[in-house]
Each structure stands twice: as structure tokens, then as C-alpha cells.
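K.L.:
This structure is in C-alpha cells; I'll ask about it shortly.
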Amino acid sequence: MSNNIDLKRNNQNKVYQYIYMNGGPVSKYDLIEQLDLSLPTVNLILKYLSENHYIYDCGTFGSQGGRPPKAFTYNPHLYYSIGLDITRHHVHMVMIDLSGNIVEKTRVKIDFIPEESYYMSLHDKISEMTARSGIDREKILSVGIALPVMVNVEQQTVLHGSLTEFNNVTPETFSRYLGFPCLICNDANAGGLAESWNIKDIRNSFYLSLNNTVGGAILQNNRLYFGETYESGEIGHVTLINDGRLCYCGKKGCVDAYISALILSNSADGSMDKFFEYVKEKSPYHLNIWNEYLEYLAITVNNLKMLFDCSIIVGGYVGPYLEDFEDIIREKLIERNTYHEEAEYFRICRFKRYATAVGAALLNVENFLKTV
């Protein structure tokens, strides 16, 4: 009996995930052919999913004789998810639907302190964001929280990080104050998940996060690869220059010491906007910093391409400013690449400043997809 129940649930989940991942209208005949299921089984599953509002009838396909087949798609507004990108001095907050579309977003300047006052401030901001959205709290799955530390995602524990004030953070503490189930994750992994989510022409990718510290995320078949000790993707501490600049980790020559966002903002009163204004105005001092930065960025991206042979997506604080320099970066990549005369693998982030918060929210969506 239990085997039949498990088979039914597995088939139901396969159908729902296929409809979701397809991203567009699907007919019952697509499901029969692609999932090797019988017509009665598909009919029963579609009936259940429709009655419970997981999917809906969105019209018909063109007829090739006889009754035109119905088209089904998933309901992106069935549930919502909240994501927080918590740094030492700021929090980016988003609410997304099941498609990953941002419904509400906000940025709060607040210093992280593991005390009640901090958690209550987050509670108030989330309540404000939820009220603005008009979404019933019961439709919110949970809250994903991205932190600048290594996280064991299965045990939901912080392993270690450069910012020691985060080392004793637990999802239970957040849940107690926020009023929602919470999970924690690494910030670069969250950003990587967001930037590769449901992109049909990306299967494997490396997400290069250019924040005040440099991080990365590896995705295989659009699934995060965490490594054996949850330290995968830490490109920021790969040696770029032997015995080079001092990194914040205490070692010399790390990638982080050459392409973190601080390299740019520290030369412009801590402002990225101001730095790129100086570049646009052709300030010799800032142009020199930027040109050197681009050289090291190209070396890093080319190394990643050689190692992983996949799409390289560049984001973080620097990512939103790269579109004006995309052609220059591609030229530098082509000069360095041994095998390719184009740099089609190089991509600039989609979500700009909110990628990490979106990715944290998507972890909840990913978990939801497994339960249907």
C-alpha cells in the first residue's frame, strides 16, 4: 500500500515539476510522452493539481483535427517567499512569487548585532513589506536568509566566516522573532541560484560574486554544488599573484585583494556610484584603478572558464555597473582564452543588487517544489 502511495506522490511531483520547469503551457499529451505516464494517471494528477490551485487551464493548443488539447501552466501566485541578504551594515529584502519575480523589495541600512533589537527591527521591516504587498501572511512559505559565512545547508549551521559576529547565528533565532519558518545559506550560493534559476540555455554555471568580499557558487544542472565541507566556489581565496597584496584573510595574493568591490569604492569615499562617475569623467586616477581591475577580472574569469568550462555569471556590488564595459571585458577574455575566439560564456547578472536576497527566497521555493 505504501509503495502505491509513494508512486502516486512521485508521479504527481514529476508532473508538477515538469509543468513548472517548462515555464510555459503544457498539454496532457506532453506529460504522457515526456514522463512515460498513462492517460488515466495524468488525468487524475491534473485534476488534483487544478482543484488545489497548483496549476490552471490557460487555454488550448492549435487543433490538428478533433478537439484542441487543453493547455496547463503553474500558478505563480499560489505562494510567496521572502529573502533577506544580511551584511554587516545593510539588509536587502525581497518578496517573490513562485516564478522568482520580485513582488516587493527594500533596502535597510542597519548594523548587524545578534541582539533582540536587531531581530525586532527585521520583524518590523518584513511586516511593512508584507503589508505593502497586500499578500496574506498564510501564503508566505518561509524566509530565506543569506549570510556572508559558510553554511552547512543540511544541518542549518554556520561553519565559519571572516565576519565572526555571524558565527553563532541560527535559523531558530530568526524564526522566533520573524514569525515565519527560516533557513540560512551562504550569500554567494544564494546569488548563484538566483542568476541561473529557470534559464533554459544555462545548465552549468559559476557565479562570481564581486561584493566587499569575493565569493562564488558552482551550479551543476542548475543545482548548487556545495563541496564536501561546504566551501566550494571560494574563488576569493585562490592565489592570483604569488606573494602579492595582503588579503583580509591574512594570506597574500588572493583574488579578493584584486577584484573585491572595495578596490573601487575605497577610492571614491566608499561609493560605487561615485567611482563610476569618476570613470565616466575620465579621472586619470580612477581610470588607472579601473583598467587594472578589469585586467585582474579578466584573468579570474578566464581561469574559471578553463577550470569549469561553463557559463561564468558576474554579479555582486560590481555587477550592475559592468554592462557599459561588456565589450571591453569580452575583448580581454578573447585575448586570454586558448580555445575560443568569442566569449559567449561571459554573462552579467540579471537581478543586479537583489540577486542574493532573491536566491535566499528561491531556496524556499526549491523546497516547496519537492513537496507537491
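The values are calculated or read from the model by the stated rules, or taken from the named source; none is laboratory data. For clarity, every value in this text was computed on a predicted model and none was experimentally measured. Here the Cβ is made from the backbone with ideal geometry for all residues, glycine too, and neighbour counts use every protein chain on show. When the accessible area is computed, the model is the full protein with side chains, heavy atoms only, and any ligands, DNA or RNA have been set aside. Shrake-Rupley method; radii C 1.70, N 1.55, O 1.52, S 1.80 Å.
K.L.:
Within 24 Å of the chain's Cα centre (by Cα), open to solvent by 10 Å² or more (accessible area, probe 1.4 Å) and closer than 20 Å to Thr87 by Cβ: which single residue out of Asp324, Asp273 fits that description?
P.N.:
Just a single option satisfies the conditions, and that option is Asp273.
K.L.:
Also: Working only within the stretch 54-101, note down all residues that are within 28 Å of Gln12 (Cα to Cα), part of a strand (DSSP E or B) and of a type in the set (D, E, K, R).
P.N.:
Once the filter is applied, which keeps residues that are within 28 Å of Gln12 (Cα to Cα), part of a strand (DSSP E or B) and of a type in the set (D, E, K, R), the stretch 54-101 yields Asp57, Lys70, Asp97.
K.L.:
Within the stretch 1-53, count every residue that is surrounded by 11 or more Cβ atoms within 10 Å (Cβ to Cβ) and either in a helix (DSSP H, G or I) or polar (S, T, N, Q) (or both).
P.N.:
34
K.L.:
Can you name the residue in the stretch 137-150 that is touching a helix residue (DSSP H, G or I) at 6+ places or on another chain (Cβ under 8 Å) and part of a strand (DSSP E or B) and is also surrounded by the most Cβ atoms within 10 Å (Cβ to Cβ) among such residues?
P.N.:
Only one residue tops the list, namely Gly144.
K.L.:
Something else: I want to confirm something. Restricting to the stretch 167-188 and keeping residues that are in contact (Cβ under 8 Å) with a residue 60 or more places away in the chain and either in a loop (DSSP other than H, G, I, E, B) or surrounded by fewer than 23 Cβ atoms within 10 Å (Cβ to Cβ) (or both), which single residue is nearest to the chain's Cα centre (by Cα)?
P.N.:
Leu183
K.L.:
Residues that are assigned to a helix (DSSP H, G or I), open to solvent by less than 40 Å² (accessible area, probe 1.4 Å) and not polar (S, T, N, Q): does the stretch 337-350 have at least one?
P.N.:
No, the conditions are met nowhere in the stretch 337-350.
K.L.:
OK, next. Please tell me if Thr239 is farther than 20 Å from Leu362 by Cα and under 25 Å from the mean Cα position of the chain (by Cα).
P.N.:
no
K.L.:
Let me ask something additional. Of all residues in the stretch 356-371, which are open to solvent by less than 10 Å² (accessible area, probe 1.4 Å) and more than 9 Å from the chain's Cα centre (by Cα)?
P.N.:
Once the filter is applied, which keeps residues that are open to solvent by less than 10 Å² (accessible area, probe 1.4 Å) and more than 9 Å from the chain's Cα centre (by Cα), the stretch 356-371 yields Asn364, Val365, Leu369.
K.L.:
Now a separate question. Read through the list (1) closer than 24 Å to Val365 by Cβ; (2) open to solvent by 80 Å² or more (accessible area, probe 1.4 Å), then give the number of the only condition that Glu116 fails.
P.N.:
Looking at each condition in turn, Glu116 falls short on (1).
K.L.:
Considering the stretch 64-82 alone, what residues qualify as being open to solvent by less than 10 Å² (accessible area, probe 1.4 Å) and either more than 19 Å from Val365 (Cα to Cα) or touching a His at 6+ places or on another chain (Cβ under 8 Å) (or both)?
P.N.:
The answer is Ala71, and nothing else.
K.L.:
Based on this model, can you work out whether Arg132 counts as open to solvent by 40 Å² or more (accessible area, probe 1.4 Å), over 22 Å from the mean Cα position of the chain (by Cα) and under 18 Å from Ala357 (Cβ atoms)?
P.N.:
Against the criterion (open to solvent by 40 Å² or more (accessible area, probe 1.4 Å), over 22 Å from the mean Cα position of the chain (by Cα) and under 18 Å from Ala357 (Cβ atoms)), Arg132 qualifies.
K.L.:
Please tell me if Ile241 is modelled with pLDDT of 95 or more, touching a helix residue (DSSP H, G or I) at 6+ places or on another chain (Cβ under 8 Å) and open to solvent by less than 50 Å² (accessible area, probe 1.4 Å).
P.N.:
The answer is no for Ile241.
K.L.:
Continuing with the same structure: What tally of residues in the stretch 29-55 results from selecting those that are in contact with a strand residue (DSSP E or B) (Cβ under 7 Å, 6 or more places away or on another chain) and not β-branched (Val, Ile, Thr)?
P.N.:
Result for the stretch 29-55: 4.
K.L.:
I'm trying to understand the selection: among the residues of the stretch 198-228, which are open to solvent by less than 50 Å² (accessible area, probe 1.4 Å) and modelled with pLDDT under 90?
P.N.:
Passing the criteria: Ile199, Ile202, Asn222.
K.L.:
May I pose another question? If Ala257 passes every condition in (1) in contact (Cβ under 8 Å) with a residue 24 or more places away in the chain; (2) surrounded by 21 or more Cβ atoms within 10 Å (Cβ to Cβ) but one, which one does it miss?
P.N.:
Condition not satisfied by Ala257: (1).
K.L.:
Do we find a residue being open to solvent by less than 10 Å² (accessible area, probe 1.4 Å), touching a residue at least 24 places away in the same chain (Cβ under 8 Å) and β-branched (Val, Ile, Thr) anywhere in the stretch 282-295?
P.N.:
no
K.L.:
Can I ask one more? Give the residues of the stretch 182-235 that are basic (Lys, Arg) and within 12 Å of Cys310 (Cβ to Cβ), sorted by residue number.
P.N.:
Once the filter is applied, which keeps residues that are basic (Lys, Arg) and within 12 Å of Cys310 (Cβ to Cβ), the stretch 182-235 yields only Arg203.
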